[in-house]
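Take a look at the structure set out below.
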């Protein structure tokens with residue numbers, strides 16, 4: 001891992017089109033601005049991880065779809 | 001071409017019917033080719049089967065069936081990424097998680113799979129709208145199926161790779 005020290009207002013460039021700027025530091029909260037092309041997915045690490053885990057969990061079922069749909073629509 | 005699947009055995013499909021994951025399904029970035037399989041015409045639940053890993057198949061549904069007022073905000077960049085030029089080419093598929101004991105079904109409407117039905121390219125996107133949950137509980141909102149049940153319509157049908165009973 002590359003570790004850099006930056007002051008507030010300074011930035012880091014990643015490649016030609018990604019720029020991360022360090023905006024503000026309040027006690028233990030760091031605000032950063034990210035400029036990146038839209039096709040580069042930028043998300044908080046935890047939501048990314050939660051969606052990965054949900055995708056993984058979605059593979060688990062052995063019930064047939066007809067049965068699942070039947071149970072979902074039974075009155 | 002023939003693809004091997006754990007659930008359905010070997011299936012025969014046309015290569016041009018595959019869906020190409022141009023982005024990725026998060027956590028499954030190495031899987032790039034999928035087949036959309038309708039196993040039972042009576043249900044709007046479909047299989048998104050990996051053509052590269054026989055064991056990987058997601059249950060998917062058109063999210064508008066579980067939430068008729070679903071209004072995801074899609075960015076132009078997402079459309080551009082998949083080269084979506086016409087609205088009618090834009091298809092969303094939401095991944096369904098089924099748990100059997102106890103029976104519980106949730107749909108990930110926060111991170112749907114965006115598909116261009118024209119060129120069959122796709123990617124999973126993450127919406128910024130926090131009101132759309134990753135685990136939208138379908139049993140809590142069953143009445144929402146009434147609209148679909150009254151007028152069943154598999155409106156993403158042209159995406160389907162194979163509709164044969166397997």
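Output yes when any residue across region B:122-139 is farther than 29 Å from residue B:30 by Cβ and at pLDDT below 75, and no when none is. There is no residue in region B:122-139 that is farther than 29 Å from residue B:30 by Cβ and at pLDDT below 75.
Select the strands (runs of 3 or more DSSP E) contained entirely in chain A, then report the ones holding at least 1 residues which are over 19 Å from the mean Cα position of the chain (by Cα).
Working: elements: A:11-14, A:18-26, A:29-35.
By residue number, A:11-14, A:18-26.
Pull up region B:43-67, narrow it to residues that are surrounded by fewer than 20 Cβ atoms within 10 Å (Cβ to Cβ) and touching a residue at least 40 places away in the same chain (Cβ under 8 Å), then point me to the one that is nearest to residue B:111 (Cα to Cα). Here the answer is B:67.
Collect the residues in region B:45-81 that are part of a loop (DSSP other than H, G, I, E, B), more than 8 Å from chain A (Cβ to nearest Cβ) and modelled with pLDDT of 95 or more, keeping them in residue-number order. Selection gives B:51, B:52, B:53, B:54.
The values are calculated or read from the model by the stated rules, or taken from the named source; none is laboratory data. Predicted model, so just to flag it, every value in this text is computed and none were measured. Note that we place each Cβ from the backbone using ideal geometry, even for glycine, and neighbour counts take in every protein chain shown.
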